[in-house]
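Inspection log for the structure reproduced underneath, given as structure tokens.
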Amino acid sequence: MRITRVEAIPVRVPLKPGMTTKTAHGDHVTSDYVIVRVHTDGGIVGLGEATVAALWSGETSTSCAAAIHDRIGPGLLGADPTRITALRKQMDFLIKLNPFTKAAVEMALWDIAGKALGVPVYQLLGGKVRDVIPTKMMIGAFDLPRVRSLAEQFLNWGIRCLKVKVGIDLAGDVARVQAVRELAGPEIPITIDANCGWNVTTARRALEQLRRFNLLVAEQPIAPGDVEALAYLRTVGGIPIMADESVFTLADAWNVLRAHAADVISVYPGKNGGIAASIEIAQVAQAAGIACHVGSNLELGIGSAAMLHLACAVPNIDSATYPADILGPHYHESDLLAEPLALQPDGARVPDGPGLGVVLDEEQLSRYRVDHS
Ligand SMILES: [Mg+2]
């Protein structure tokens with residue numbers, strides 16, 4: 001089997017009314033992503049999704065499509081798509097960085113390999129270690145009435161864990177967490193995510209003030225770079241620290257782990273550059289005795305499916321303790337899939353069909369694609 005074409009289709013999918021989000025990185029109102037199709041001479045087509053965001057990795061839908069059109073596509077032409085490890089290395093040789101773009105191509109290669117063998121991707125990763133993946137819902141850094149309304153909506157739906165976005169202003173951050181804790185009661189685990197929005201001094205004050213709300217984890221309180229500062233923050237508020245923006249690469253993971261700078265590391269295929277890259281980080285973290293968590297930058301259906309295969313197959317991704325952010329389809333007007341994923345409030349279930357187990361809805365694709373070709 002040979003790769004005959006790598007197709008990059010830019011799409012623009014709005015978030016649902018009332019479900020737009022706001023973090024320390026800014027507002028997320030529409031998702032300008034790229035759907036990838038890797039075509040083969042055997043007729044099998046692999047699906048991928050690049051959930052690019054300019055403020056995450058510097059990639060945009062235009063730059064992603066150009067990287068595939070100019071560099072990755074020509075470089076992979078004629079290659080055996082099932083030689084995934086070799087093609088990961090080749091992509092790194094064709095273009096530096098661009099993790100979300102490479103992840104989209106890599107998940108399409110896994111999809112092809114699974115379809116060729118008639119097995120789900122998780123089977124290629126060693127099989128399931130868990131059938132149900134607990135998840136949480138995320139509440140943006142909005143004013144208190146909207147925060148309360150979102151928390152009520154998610155709790156009424158039956159979700160068992162909530163993430164609150166903070167890192168905007170300390171008083172508002174504390175008030176948001178307090179409002180959610182009051183609605184959720186003492187039993188629902190709550191996490192916070194500052195998305196790098198605090199400096200070290202504010203983070204210390206925030207963690208001290210937030211301690212009374214019994215938080216499960218505090219995600220990325222400060223910007224990446226100073227691992228000693230992150231390590232220090234583990235000691236001040238009694239709240240476990242999760243590294244997200246601090247860990248894109250395996251080298252990032254090594255630096256954070258060596259500095260004992262995090263209690264949990266957040267991984268997901270887009271940020272790490274693919275499913276296999278997330279597994280490598282999870283395994284290095286396992287050697288250090290540190291659990292991993294599946295994070296998100298609001299995927300559509302294909303990207304969420306890749307996360308489900310990862311989450312169900314990797315023992316050190318501890319979604320039972322740290323519920324996963326496999327939630328993107330709930331926030332978007334469309335997931336672009338013919339059949340929605342099983343993302344229920346009591347947990348998510350991985351599709352059992354061959355490959356990623358998802359089918360692209362051509363009608364939705366044509367409605368949301370922006371290249372008009
Ligand atoms: Mg995060």
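Observations on the model:
- Its alpha carbons considered, the stretch 4-93 gives a radius of gyration followed by a Dmax of 15.3, 46 Å.
- Lysines with Cα under 22 Å of residue 89, excluding same-chain neighbours fewer than 8 positions away: 102, 271
- The long axis of helix 200-210 is offset from the longest Cα principal axis of the chain by roughly 70 degrees.
- Rg to Rh, two decimals, where the stretch 219-283 supplies the alpha carbon set and Rh follows Kirkwood: 0.96
- Binned Cα-Cα distances of the stretch 1-52, short to long, each 5 Å bin given as a whole percent: 5, 18, 18, 17, 13, 10, 8, 7, 4, 0
- Residue 344/residue 228 FRET efficiency (R0 51 Å; Cβ-Cβ; nearest 0.05): 0.80
- Here's the picture: charge each Lys and Arg Cβ at +1 and each Asp and Glu Cβ at -1 in the stretch 124-349, and of 327, 232, 247 the one pushed furthest to the positive end of that dipole is 232.
- Taking the Cα centre of the stretch 124-349 as reference, the dipole from Cβ charges on Lys and Arg (+1) and Asp and Glu (-1) amounts to some 440 debye.
- R0 of 22 Å, Cβ-Cβ distance residue 2-residue 371: FRET efficiency to nearest 0.05: 0.30
- Relative intensity of the stretch 124-349 on a log10 scale, I(q)/I(0) at q = 0.10 Å⁻¹, equals -0.41, per a Debye sum over C-alpha point scatterers of equal strength in the absence of solvent.
- Here's the list of lysines a cross-link from residue 115 could span, going by alpha-carbon distance under 18 Å and ignoring same-chain residues fewer than 8 apart: 128.
- Length gained on full extension, residue 119 to residue 169: 13.2 nm, using 0.36 nm per residue less the C-alpha separation.
- Using the empirical formula 2.2 N^0.38 Å as the baseline, the Cα radius of gyration of the stretch 53-131 reaches a ratio of 1.21.
- The angle between the Cα long axis of helix 144-157 and the longest principal axis of the Cα atoms of the chain comes to about 60 degrees, rounded to the nearest 10.
- Based on alpha carbons, the Rg and Dmax found for the stretch 282-373 are 14.9, 50 Å.
- Förster radius 35 Å - calculated FRET efficiency between residue 30 and residue 79 (Cβ-Cβ, nearest 0.05): 0.55
- Acute angle (nearest 10 degrees) that the helix 275-287 long axis makes with the longest principal axis of the chain, alpha-carbon atoms: 40 degrees
- 222 nm mean residue ellipticity, helices alone, for the chain (DSSP H n ≥ 4; -39,500 (n - 2.57); rounded to 500): -11000 deg cm²/dmol
- A full extension of the chain between residue 55 and residue 70 corresponds to an added length of 3.1 nm, given 0.36 nm per residue minus the alpha carbon distance.
Rule-based calculations on the coordinates, nothing more; no lab input. Given the structure is predicted, the values throughout are model-derived calculations rather than measurements. In this analysis, Cβ positions are derived from the backbone assuming ideal geometry, glycine residues included, and neighbour counts consider all displayed protein chains.
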